[in-house]
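Right, one structure below, let's go through it.
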Amino acid sequence: MKRMITRWIAALPAILLVAGHWASGADWPQFQCDERKSGFQPAETITTLGRHRSTTETGGYGQEVWAFNQRFLAGQPVVAEGTVVIGSLTGTVFALNEVTGAVRWSVNLGEAVLNSCAIHSGKVVVATQAGKIRALSITNGATLWTYAGATKGYAAAPTIADGTIYIGSKDGRFHAVDVATGALRWVFEVGGAADSGAERTAILCSAAVLSNRVFFGAENMYAYALDRQTGQRLWRRRLTGQSFVFGAEVGSSNERGGVSVPAGWPVASRQNGGVVIFRTQPVYDSVRMLGLGESILESVTGTNWLGNPMAPPMPGALNNAASAPG
């Protein structure tokens with residue numbers, strides 16, 4: 001039996017809840033809802049018939065129920081056990097009452113949170129820029145355990161499946177951690193001994209799980225599939241692109257100042273016996289970048305690409321070129 005409750009919409013730097021129809025137990029406990037990163041909650045139904053963005057402030061999703069405003073909120077809010085949880089670049093994690101929006105607790109970890117948290121069995125799992133994974137009590141925010149197995153920070157969101165946290169870090173290590181205790185189950189190193197021939201590089205995108213496999217992309221542009229019980233590499237494939245993530249802006253329009261965090265994830269599906277879909281960021285404006293480099297060379301040398309003399313170099317061009325990194 002369905003009942004009228006609320007639906008959340010992420011609208012950085014605020015969380016806006018508007019009226020809708022949810023079935024009881026229609027939670028969103030981790031980034032993109034589940035370990036497959038489907039972005040789909042089958043128990044949720046929303047009626048948008050006859051509602052349009054031009055006629056309703058919330059684009060057809062109903063009237064605002066409550067809103068929570070805070071600076072530099074990061075990632076998707078997650079919802080489970082009657083609680084909405086979201087972290088921030090300032091290092092504060094907020095837990096809100098799902099129905100009223102009232103703050104149940106907030107805790108400042110002193111470590112920036114770049115992506116979504118996760119909720120599992122009374123714990124809020126948070127991965128931080130300091131290279132730590134923390135489990136907080138969903139009741140009061142108290143720290144239950146801390147895993148410090150990364151030498152660099154986490155840009156990805158934690159993925160939880162069958163009691164295990166799967167996440168890659170900026171040092172190129174992919175971790176499987178017990179959600180109950182924080183103990184390491186296994187770790188895989190991109191470009192390490194078990195991954196010869198690949199460049200050591202950061203892992204920025206979140207992981208997806210399907211059956212006995214966990215999938216992620218590393219910034220050497222290899223897509224990986226690992227055995228999620230042992231961490232053994234099952235396959236890898238080089239894909240075209242410059243990154244597995246794109247920049248997601250953080251903050252309001254008057255405070256962003258170019259602040260963005262990496263966001264990207266594969267999607268695993270059971271269709272056709274099991275498939276995984278990766279999205280990569282294309283190499284943007286390569287022609288424009290080549291043209292800009294040519295212009296700098298022309299300004300500095302006084303000749304074009306044919307070697308013909310040009311007008312005298314522009315003032316400051318040599319200094320600008322000389323001070324450019326690389």
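Any read-out appearing in this document is the output of simple, stated calculations on the displayed coordinates, not a laboratory observation. Keep in mind it's a predicted model, so treat the numbers as computed, not measured. Heads up, the Cβs are rebuilt from the backbone with ideal geometry, glycines too, and the neighbour counts pull from every protein chain shown.
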Problem set entry | Loop-located trypsin sites (Lys or Arg not before Pro) in region 181-233 whose Cβ has at most 15 other Cβ within 10 Å (DSSP) | ARG200
Seminar exercise, completed: A student asked for the Cα radius of gyration and Dmax of region 107-177 in angstrom ought to give 11.1, 33
Exercise. At q = 0.19, 0.23, 0.24 Å⁻¹, what is the log10 ratio I(q)/I(0) for region 147-225, with the Debye formula run over Cα points and no solvent?
Worked result: -0.74, -1.09, -1.18
Seminar exercise, completed: To the nearest 0.05, the calculated FRET efficiency linking GLN271 and ASN97 through their beta-carbon distance, R0 being 41 Å, is 0.65
Exercise. Given a Förster radius of 25 Å and the C-beta distance between LYS152 and LEU239 as r, what FRET efficiency does 1/(1 + (r/R0)^6) yield to the nearest 0.05?
Worked result: 0.60
For this session: At 0.36 nm per residue, minus the direct Cα-Cα distance, what do ASP162 and ALA67 gain on full extension? Give it in nm, one decimal, please.
Result: 30.9 nm
Exercise. Given region 79-131 reduced to its alpha-carbon atoms as identical point scatterers, what log10 I(q)/I(0) does the Debye formula return at q = 0.22 Å⁻¹?
Worked result: -0.77
Exercise. What does the charge count near GLY87 come to, summing +1 for each Lys or Arg and -1 for each Asp or Glu among other residues with Cβ under 12 Å from its Cβ?
Worked result: 0
Exercise. When a footprinting reagent is the concern and you count Cβ atoms within 10 Å, what order do VAL113, VAL84, VAL267 take, fewest first?
Worked result: VAL267, VAL84, VAL113
